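First the structure, in the form of structure tokens, and then the observations on it.
The values are calculated or read from the model by the stated rules, or taken from the named source; none is laboratory data. Fair warning: this is a prediction, and the values are worked out from it, not measured in the lab. Glycine gets a Cβ as well: all are built from the backbone with ideal geometry, and neighbour counts include every protein chain shown.
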């Protein structure tokens with residue numbers, strides 16, 4: 001059976017085929033020198049090749065495609081819930097489900113290897129919030 005690092009690298013590549021093998025290896029926890037030769041040192045091993053093929057078959061049988069995952073993430077990015085009157089149960093308002101939306105953004109960033117954006121000197125932004133700061137602020141206000 002492949003190691004945990006190999007399995008993680010396989011899963012990362014499967015989730016984002018545009019990700020380089022080197023990048024998948026780095027994110028899986030390999031050293032930069034091992035990741036530099038990822039094709040030879042990790043992905044070309046027969047056991048790993050076998051797992052990649054098995055993974056592909058399982059994903060196909062489950063009907064998981066990049067398009068389906070992208071559609072689901074798109075739905076979750078816009079997630080909301082109904083606020084109901086405690087006595088009558090009637091819907092008062094539909095509000096964004098910010099917790100689910102933030103979790104979805106985190107997953108999206110992991111899948112697509114999105115890096116944070118840095119402020120540029122002249123972009124008019126004094127300071128950017130981290131997701132943790134935003135969540136904390138929403139908890140206090142909500």
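The listed residues are 42, 52, and the only one of them that is assigned to a helix (DSSP H, G or I), modelled with pLDDT under 80, over 17 Å from the mean Cα position of the chain (by Cα) and more than 25 Å from residue 104 (Cβ to Cβ) turns out to be 52.
Could you grab me the full set of residues in the stretch 23-39 that are part of a helix (DSSP H, G or I) and within 18 Å of the chain's Cα centre (by Cα)?
Residues of the stretch 23-39 that are part of a helix (DSSP H, G or I), as a first pass: 23-28, 32-36, 38-39.
Scanning the stretch 23-39 gives 23, 24, 25, 26, 27, 28.
Pairing residues of the stretch 96-123 that are modelled with pLDDT of 80 or more with residues that are part of a loop (DSSP other than H, G, I, E, B), at Cβ distances under 6 Å and at least 6 apart in sequence or on separate chains, gives 97/79; 100/79; 101/79. Just one of (1) surrounded by fewer than 13 Cβ atoms within 10 Å (Cβ to Cβ); (2) modelled with pLDDT of 65 or more fails for residue 139. It is (2). In the stretch 3-13, which residues are surrounded by fewer than 17 Cβ atoms within 10 Å (Cβ to Cβ) and part of a helix (DSSP H, G or I)? The answer is 4, 5, 7, 11.
Of all residues in the stretch 74-90, those satisfying the criterion of being more than 23 Å from residue 15 (Cα to Cα) and either touching a residue at least 12 places away in the same chain (Cβ under 8 Å) or surrounded by fewer than 11 Cβ atoms within 10 Å (Cβ to Cβ) (or both) are 80, 81, 82, 83, 85, 86, 87, 88, 89, 90.
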